Every structure is written in C-alpha cells, then in structure tokens.
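Written below as structure tokens is the structure these notes are about.
The values are calculated or read from the model by the stated rules, or taken from the named source; none is laboratory data. A quick note: this is a predicted structure, and the numbers were derived from the prediction, not measured. Protein only, heavy atoms only, side chains kept; ligands, DNA and RNA dropped before computing areas. Shrake-Rupley method; radii C 1.70, N 1.55, O 1.52, S 1.80 Å.
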Amino acid sequence: MKKIALLSSGGDAPGMNACIRSVVRTAAYYGMEVDGIIHGYEGMIDNEFISLAPGDVAGIIHRGGTILKTARSERFRSRDGRDEAYANLRRNGVEGLIVIGGDGTFRGACDLMAECDIPVVGIPGTIDNDLEGTDFTIGYDTAINTVIEVVDKIRDTAESHNRLFIVEVMGKDAGLIALRSGIGAGAEAIMIPEISTDIVSVMERFEKGRRDKSSYIIIVAEGDSSGGAYSVAERIEHEYPGYDTRVSILGHVQRGGSPSCMDRVLASRLGMAAVEALLEGKGGVMAGIIHRDLVFTPLEKAVKHIREPNPHLIRVLEILST
Ligand code: F6P
C-alpha cells in the first residue's frame, strides 16, 4: 500500500487533530503517502483532497476541532453521490481509507466497503461515547471534563440563590455524558435515554432528603424521553412551585476546547493502530481499546449498539447524590 486517505466526519470531537497527526506520522514511518479529505464525505464527492506530510500536522495535537473540517453529508447517502466519491478515491490513487467519526460516519464506511474495493478502517471519534467495541471514544473525556467545569460554576450560583438547576448536556441517543459528568459534578440526579426517570420520585427524594441542602443540580441528556431541560423545568415549576428553578443548556461548548491528555493518548494510539491495520490487510473494522488492549470490531457491529450504562456507575450516583 503506497497511499491512504483520511477524513473526519459527523460531529467534531476534541482529539481528532491528535488522531490526524498520528495517522500522518505513522503512515510516513511506513513510507506511505497520505491525502487528507476536507469536509468528510462531502469533500470526497467534491474531490477536496490535500496531501499531508508530517510537517503539516505539527502543532495540532493540542487543538480542538479538526483541521480536516467535518460535515454530515446528505449526498453520500445516495448511490450517485457515492459513485462520484469512489471515482475520486481512484483518481487520487487511494488504496486504503481511514475515517474518524461516530455512528453516521461508520454507516457511510459500511456502504463504501460494500460497493467499492478500497478497504476502510474506522476510528471512534465522538463526544457521545456511544459505540460498541471501545471503552472510550475520542472526545468523550474532554467533553465530560468541560461539563463538570461548567457545572461547578453553576453550583456556585445555585447555592448562593438556593436554586434548582436543570442542566442539559449532549447525547441524542446516549446518556453517557450525563452519567459520568453527573457523578463528577456531584449532581443530585441525572435523566438519560437508557433509563426512564420518574420526575415525581426524583422530587420526592429531594423532599425527603437532607434539610441542609441549599441547591440541586439535575443533569438531563438532550435525548431523554422527558423532552429535555425546559420540559423538566416546566413540570417542576408547575408541580413543585416551592423550588426556584433555572435551566442551562450547555450545547456545543461540550464539543470544543483543547483535548485532555486521555483523549490525546487515545487518539495517538488509535491513529497508529488504524494505519497498521490497513497495512496488515484489514478493512471494514473499527479500531478501539477495551481494558488496555487494542481491539478491532466490524463496523456494522460498532454502530448497532446503544451501550447499556454501567450499573455500578448508576449505583454510585444514586447512593452519593442523597
Ligand atoms: O454526535 C455528537 C453530537 O454532539 C450529539 O451529542 C449531538 O446531539 C449532536 O452531535 C449535535 O449535532 P450538530 O452539531 O449537528 O447540531
């Protein structure tokens, strides 16, 4: 294999740049050329290929976002769009492809593997941590650290005013950001799509709980069946008027910022693993790390799974949040 291409796609995640650096430098180590594709699958269709040398990825390990840009491509969902993209891969002499992203990115890669003879290796890059085949996805650690930093600040004002804050975090299908940041920030409750939460029992717990508590934080995942932070607040204001409630939607701040050391190391390991996997003739798999070992999971399996929250984490939250 003499030349590979690399793209990032879907929602950006802190650590994607560290991963791009790793892929480019590992490929150079093995004497391969790398083309970066700008704007994910959109750029593949529009032939936005740029050559990346080791020097081009200097000074990016600490930067959030992705220097390759990213997109959610509608056109790649159609066969015509994909055929155009495959023609561009061939035109540019690409013999293997690495895609960094989440669910949607890997679905695109599955189509590509089925319709085109170029092997693809996926790298999990999403703040949601909602993929099978890896303990953690690139960006998750940074995102949960961002959440706890902000919730710590919200706690200061919540305590000063004796308020109940409902904080909405990202995760349209998964509550893993809410769960870990809920423990880390000492939240009084979390509401996540994987577990149905009865707001009445949460409020009863608050009513029966410690009398010395002057503030409450409920962290709600955006995909929770309650409908999100504003719906929860409306219900509490209506049924429990004694609480002074406020809503804070954290939004895209969770996707930005300099990646944590954990994300940089994970990205560096997985970038290297993906290049070596292509060299070993692997394709149609995602590189991940489970416990401390490198694991390759078929792309179709990586996307199919909505991960069950760890029951021990749920218990920790329940017992400590009283
Ligand atoms: O998939 C990652 C994610 O950050 C989700 O948690 C969130 O629902 C979504 O992306 C937001 O996407 P967009 O930036 O397109 O609004």
Computed over region 142-255, the Cα gyration tensor eigenvalues, each multiplied by 5 and square-rooted, give semi-axes in Å (largest first) of 20, 16, 12
Summarise the long-distance tail of P(r) for the chain by giving the % of C-alpha pairs beyond 26 Å. 48
Note to self: with every protein chain in place and a 1.4 Å probe, the chain gives an accessible area per residue in Å² of 43
Counting pairs on different chains as well as pairs 8 or more places apart, how many Lys pairs in the chain have Cα atoms under 30 Å apart? 17
Tell me, in nm to one decimal, what length is gained between Glu234 and Ile195 on full extension, where the rule is 0.36 nm per residue of separation less the Cα-Cα distance? 12.0 nm
Rounded to the nearest 10 degrees, what's the angle between the helix 103-115 long axis and the longest principal axis of the chain, both from Cα atoms, 0 to 90? 30
